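Have a look at the structure below, then the notes.
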Amino acid sequence: MEKSFKSPVVILANGSFPTHPIPLEILADAGTVICTDGSANTLDRLNLIPHVIIGDLDSIDPNNEFHGLEIHDQNQENTDLEKALDWVDMNGIKNVTLLGATELREDMTVANHYILFDFSEKLNIEMVTDYFTVTSHRGQRSFDSFPGELVSLFPQRFGTVVSTTALNYPLNETVLDPSARGISNQSIGATFSVVASDPILVFRGHPKN
């Protein structure tokens with residue numbers, strides 16, 4: 001069913017609405033915007049209309065006019081973001097950008113990063129915030145970059161073996177645990193790569209204006 005939805009596909013979560021030009025441009029260029037419950041209220045205040053709203057719909061302003069696809073899911077075992085990603089996966093959409101998934105609530109910010117781990121082998125997800133583009137993978141992955149780009153690594157599991165190329169502080173089959181040890185590295189070229197034995201989050205900083 002992927003052809004039923006225009007690309008690129010963006011999920012707007014109900015965290016802090018983006019203010020940085022990079023996520024705002026992604027939102028403006030989206031072919032399909034999927035809102036998780038109350039995030040649709042923010043779009044309405046900006047005179048923007050989502051194509052799909054997913055969640056338990058307990059936060060939707062009833063005064064907002066909406067004629068798109070409404071997915072009412074009252075399952076309390078998962079979050080509205082998980083519901084949206086499950087729906088995206090079931091509909092054959094494999095590439096999605098996640099906006100509005102951080103700040104406002106620290107617990108939800110942490111939970112949304114764990115959700116990247118959970119869906120990293122099903123979907124190609126980029127979480128874009130006002131400061132970083134965040135992805136999760138296992139194995140080898142290369143990234144477009146620029147010299148001086150801030151790069152931070154957060155493994156999911158203890159004992160994760162990590163190797164990198166083209167970073168200022170290289171890792172060579174280094175055992176990296178969930179901690180602050182992998183933060184504030186820097187790219188030294190136009191690309192870098194990360195090889196991880198287990199799932200890892202890669203944070204890539206936006207260029208400074």
Practice problem: Go through Val162, Val151, Val134 for me and flag whichever is part of a strand (DSSP E or B), β-branched (Val, Ile, Thr) and touching a helix residue (DSSP H, G or I) at 6+ places or on another chain (Cβ under 7 Å). | Solution: Val134
Quiz item: Looking at (1) surrounded by 18 or more Cβ atoms within 10 Å (Cβ to Cβ); (2) under 25 Å from Asp29 (Cβ atoms); (3) out of contact with any Leu (no Cβ under 6 Å at 6 or more places or on another chain), which is the only condition Leu99 fails?
Solution: (3)
Quiz item: Could you say which residue among Thr160, Thr129 is modelled with pLDDT of 95 or more, among the β-branched types (Val, Ile, Thr), surrounded by 19 or more Cβ atoms within 10 Å (Cβ to Cβ) and closer than 30 Å to Gly92 by Cβ?
Solution: Thr129
Quiz item: Are any residues in the stretch 193-209 of a type outside the set (A, V, I, L, M) and assigned to a strand (DSSP E or B), and if so, which ones?
Solution: Ser193, Ser197, Asp198, Pro199, Phe203, Arg204, Gly205
Quiz item: Do you know which of the residues in the stretch 72-91 that are surrounded by 15 or more Cβ atoms within 10 Å (Cβ to Cβ) and aliphatic (A, V, I, L, M) is farthest from Tyr114 (Cα to Cα)?
Solution: Val88
Quiz item: Going by the structure shown, is Leu201 buried (at least 19 other Cβ atoms within 10 Å of the Cβ) and without any contact (Cβ under 8 Å) to a residue 40 or more places away in the chain?
Solution: no
Quiz item: Of all residues in the stretch 175-192, how many are surrounded by 15 or more Cβ atoms within 10 Å (Cβ to Cβ) and in a strand (DSSP E or B)?
Solution: 5
Quiz prompt | Extreme residue, surrounded by the fewest Cβ atoms within 10 Å (Cβ to Cβ), among residues of the stretch 34-71 that are modelled with pLDDT of 70 or more and of a type in the set (S, T, N, Q) | solution = Asn47
Quiz item: If you scan the stretch 11-29, which residues turn out to be in contact (Cβ under 8 Å) with a residue 60 or more places away in the chain and aliphatic (A, V, I, L, M)?
Solution: Ile11, Leu12, Ala13, Ile22, Ile26, Leu27
Quiz item: In the stretch 157-170, is there at least one residue being on the phi < 0 side of the Ramachandran plot, in contact (Cβ under 8 Å) with a residue 40 or more places away in the chain and under 20 Å from the mean Cα position of the chain (by Cα)?
Solution: yes
Quiz item: Does Pro170 qualify as being surrounded by fewer than 17 Cβ atoms within 10 Å (Cβ to Cβ) and modelled with pLDDT of 95 or more?
Solution: yes
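The values are calculated or read from the model by the stated rules, or taken from the named source; none is laboratory data. No experiment lies behind these values; they were computed from the predicted model shown. Neighbour counts run over all protein chains shown; Cβ positions are idealised from the backbone, glycine included.
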